[in-house]
Amino acid sequence: MLEEFQAVQKPGTWSSVALPPSKQAIGCKWVYRIKKNSDRTICRYKARPVAKGFLQTKGVDYHETFSLVAKQPTIKILLCLALH
């Protein structure tokens, strides 16, 4: 866990800020996974924090959760159709 946490902190892309007095912090839990090679030997251990989103209330803690995703094969198909 310490290695994963340090890897997230190292680039300096985020920082801790004070929580507004009217809000409650969302907790998190660590999810562990063992990565294996093709011959089923252990390659490495992985850990990542996951937010406990089930504690959020729609309209209070968040408003919209949809995120549009376009995969590269889809874009290629659309470009090919446009060319024809």
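The values are calculated or read from the model by the stated rules, or taken from the named source; none is laboratory data. The shown structure was predicted, so the numbers you read here are calculated from the model rather than taken from an experiment. Here Cβ is always computed from backbone atoms with ideal geometry, including for glycine, and neighbour counts include all displayed protein chains. These accessible areas exclude ligands, DNA and RNA; they are computed on the full protein's heavy atoms, side chains included. Shrake-Rupley method; radii C 1.70, N 1.55, O 1.52, S 1.80 Å.
Within region 8-53, the set of residues being polar (S, T, N, Q) and under 23 Å from Glu64 (Cα atoms) comprises Ser22, Gln24. The set of residues in region 62-78 being surrounded by 10 or more Cβ atoms within 10 Å (Cβ to Cβ) and modelled with pLDDT of 75 or more consists of Thr74, Ile75, Lys76, Ile77, Leu78. Within region 25-44, restricting attention to residues that are without any contact (Cβ under 8 Å) to a residue 12 or more places away in the chain and in contact with a strand residue (DSSP E or B) (Cβ under 7 Å, 6 or more places away or on another chain), the residue that is nearest to Glu4 (Cα to Cα) is Arg44.
Residues checked against (1) part of a helix (DSSP H, G or I); (2) open to solvent by less than 90 Å² (accessible area, probe 1.4 Å):
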{"position": "Val8", "(1), (2)": "yes, yes"}
{"position": "Trp14", "(1), (2)": "no, no"}
{"position": "Pro20", "(1), (2)": "no, yes"}
{"position": "Ile26", "(1), (2)": "no, yes"}
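Taken over region 45-61, the criterion of being surrounded by 11 or more Cβ atoms within 10 Å (Cβ to Cβ), among the aliphatic types (A, V, I, L, M) and under 20 Å from Gln6 (Cβ atoms) is satisfied by Ala47, Ala51.
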